[in-house]
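Inspection log for the structure reproduced underneath, given as structure tokens.
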Amino acid sequence: MEHKILSRYPLGNPRRRWRQDNFVLSQFKAQGNDMRRHVKACADVGFDTVELGWASDEQADAAVQLCQQFGIRLIYQNMSRFGGAWDRDPVNGNDGPFYSNIYKRRMESGAWKESSFQGETDIRKVIAEKKKWTSVAGYYIWDEPFYEEQMQLCRKLTDDCEDEDPTALAFTVANPSYNPYFRWDDNAYPAYIERFASIIDPPILSFDYYPIGMPQVNETVQLDNTPMWCDLYAVKRIADAYQMPLWFYYQGVNLHHAAYFTFPMVRLCMYAGAMYGAKALQHYCSTDAIVEEDGSRLPFFEPQKKINAEFKALGDTLMAIECRHVFHDASCLPGFAPMQEYGEDIADSAFLAAPLPYRTSVGEFEDAYGNRYLMVLNRDYINGKSLHLKLNGNYRIYEVSRDDGMQYVKDDSADILSLYLEAGDAVLCRMQPADEEAFTVEYRLVK
């Protein structure tokens, strides 16, 4: 069988100079009372990038050296020197209620110091200091800006970062739709994402969504009623329109204090992002999920290490293919009005000939050479299940291995895609008309 080696190329906003070479597996909130053990644990579990996530000055500076030592990248954040979070006003000091309340709680707990968050916005000085460290791959400009004035400041800091070091990622993350100011109730969320992208013009478009433990989620309905699915589509649409790689923060910790929190929930959130075409999966957050603050390993360490290895194997393929469609079965957001615009009709599928089984979703992808793929996701985070997807013709089906990233023939000629998926799991398959000559595909980066 012929084995084709196809070129893929770095991705990035064409109006910016920064480019993404490889699929990114990052984590948020690398902070602890033993930074060496903590950063090493992040490297050992398979993250290639560390995000500081509100770390103290001392923790931030320690992370620079430790990431260099352990061979992983760092998105540097130090809000006492530049940038900010939420509805903070670093210029005038008129912080909004969301930031002010969190600031007060963190000050009372001792997590933040009085010296933090004083509003310096000269990122150029910081970059000049950090340039010598090859571990510093980018700068965390803002965590979820609320207002246009903040977005304008993010734009300035992003421009300054690009001028000072065009190889560094100027990173800002957008809000999810459960922010009280940007909900789906009045269709305010898509407009917010549009403003975010157009004003800041970031190198990549990142947002977060942490559904487990929220009111719409329980053991009975699971993730059927979470607007996360509409958020993913809305942000994907804007990312596509502005030609920005999509990055996605997924829930890795029991943030909302659900009655129980299992790793299949984490796995489901990761594959949900990948199914919508994300080029980076950002873990929120390693502290208290994978490691303790002193770096001691927690029960999720080993399953997280395994799934990180899976995504590293899939990475070249995921970077080479673009999501064209996402389809859900009827149990996903029934009666949710925005689904009329952000849900897709199975009739538009290039392969699927019948409605999807219960709690099943499928993403359709295509590379630059016309090769097409399906990612099939089991949205049930409690039960594994056998799936049988009716196809509109006979196809040779190749599974992309999560061990080595290579393609292996699953079925030589089939009009039904049959597979078994564990709870919250997914599989990536390449689809080829059965009457064509068989060949496998491998992607390699060309710069």
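The values are calculated or read from the model by the stated rules, or taken from the named source; none is laboratory data. The structure presented is a predicted model; accordingly, all values stated were derived computationally and were not measured. Note that each Cβ is placed from the backbone with ideal geometry, even for glycine, and that neighbours are counted across all protein chains shown. Calculation scope for accessible area: heavy atoms of the full protein, side chains included, ligands and nucleic acids excluded. Shrake-Rupley method; radii C 1.70, N 1.55, O 1.52, S 1.80 Å.
When segment 130-144 is examined, which residues are found to be on the phi < 0 side of the Ramachandran plot, in contact with an Asp or Glu (Cβ under 9 Å, 6 or more places away or on another chain) and open to solvent by 20 Å² or more (accessible area, probe 1.4 Å)?
Of everything in segment 130-144, those that are on the phi < 0 side of the Ramachandran plot, in contact with an Asp or Glu (Cβ under 9 Å, 6 or more places away or on another chain) and open to solvent by 20 Å² or more (accessible area, probe 1.4 Å) turn out to be Lys130, Lys131.
Being in contact (Cβ under 8 Å) with a residue 40 or more places away in the chain, over 28 Å from Ile72 (Cβ atoms) and among the aromatic types (Phe, Trp, Tyr) is true for just one of Tyr147, Tyr192. Which residue is that?
Tyr147
Between a first residue in segment 123-137 that is in contact (Cβ under 8 Å) with a residue 40 or more places away in the chain and a second residue that is open to solvent by 80 Å² or more (accessible area, probe 1.4 Å), which pairs have beta carbons less than 6 Å apart while being 6 or more apart in sequence or on different chains?
Sorted first by the residue in segment 123-137, then by its partner, the pairs are Ala137/Arg73.
Specify which of the listed residues (Val400, Val446, Val409) is within 20 Å of Gly277 (Cα to Cα) and among the β-branched types (Val, Ile, Thr).
From the options Val400, Val446, Val409, the qualifying one is Val400.
State yes or no: is Ala274 surrounded by fewer than 21 Cβ atoms within 10 Å (Cβ to Cβ) and within 17 Å of the chain's Cα centre (by Cα)?
No; evaluated as a whole, the condition is false for this residue.
Are there any pairs with C-beta distances below 7 angstrom linking a residue in segment 330-353 that is at positive phi to a residue that is open to solvent by 30 Å² or more (accessible area, probe 1.4 Å) and hydrophobic (A, V, I, L, M, F, W, C), with the two at least 6 apart or on different chains, and if so which?
Correct list of pairs: Leu333/Met339.
Find the residue count for segment 27-53, including only residues that are assigned to a loop (DSSP other than H, G, I, E, B) and either open to solvent by 20 Å² or more (accessible area, probe 1.4 Å) or without any contact (Cβ under 8 Å) to a residue 12 or more places away in the chain (or both).
Summing the residues that are assigned to a loop (DSSP other than H, G, I, E, B) and either open to solvent by 20 Å² or more (accessible area, probe 1.4 Å) or without any contact (Cβ under 8 Å) to a residue 12 or more places away in the chain (or both) in segment 27-53 gives 5.
Given the conditions (1) more than 30 Å from Pro211 (Cα to Cα); (2) open to solvent by less than 20 Å² (accessible area, probe 1.4 Å), report the number of the one that Phe171 does not fulfil.
(1)
Any residue in segment 56-65 that is among the small types (Gly, Ala, Ser), touching a Lys or Arg at 6+ places or on another chain (Cβ under 9 Å), open to solvent by 10 Å² or more (accessible area, probe 1.4 Å) and in a helix (DSSP H, G or I)?
Yes, that holds for at least one residue.
Condition check ((1) open to solvent by 40 Å² or more (accessible area, probe 1.4 Å); (2) more than 23 Å from Lys312 (Cα to Cα); (3) touching a Phe, Trp or Tyr at 6+ places or on another chain (Cβ under 9 Å); (4) not in a loop (DSSP other than H, G, I, E, B)) across all residues:
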| site | (1), (2), (3), (4) |
| --- | --- |
| His3 | yes, no, yes, yes |
| Leu6 | no, no, yes, yes |
| Arg16 | no, yes, no, no |
| Met79 | no, yes, yes, no |
| Arg88 | no, yes, yes, no |
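Just give me the residues in segment 183-208 being part of a loop (DSSP other than H, G, I, E, B), open to solvent by less than 10 Å² (accessible area, probe 1.4 Å) and within 14 Å of Val235 (Cβ to Cβ), in sequence order.
Listed by number, the residues that qualify are Pro202, Ile204.
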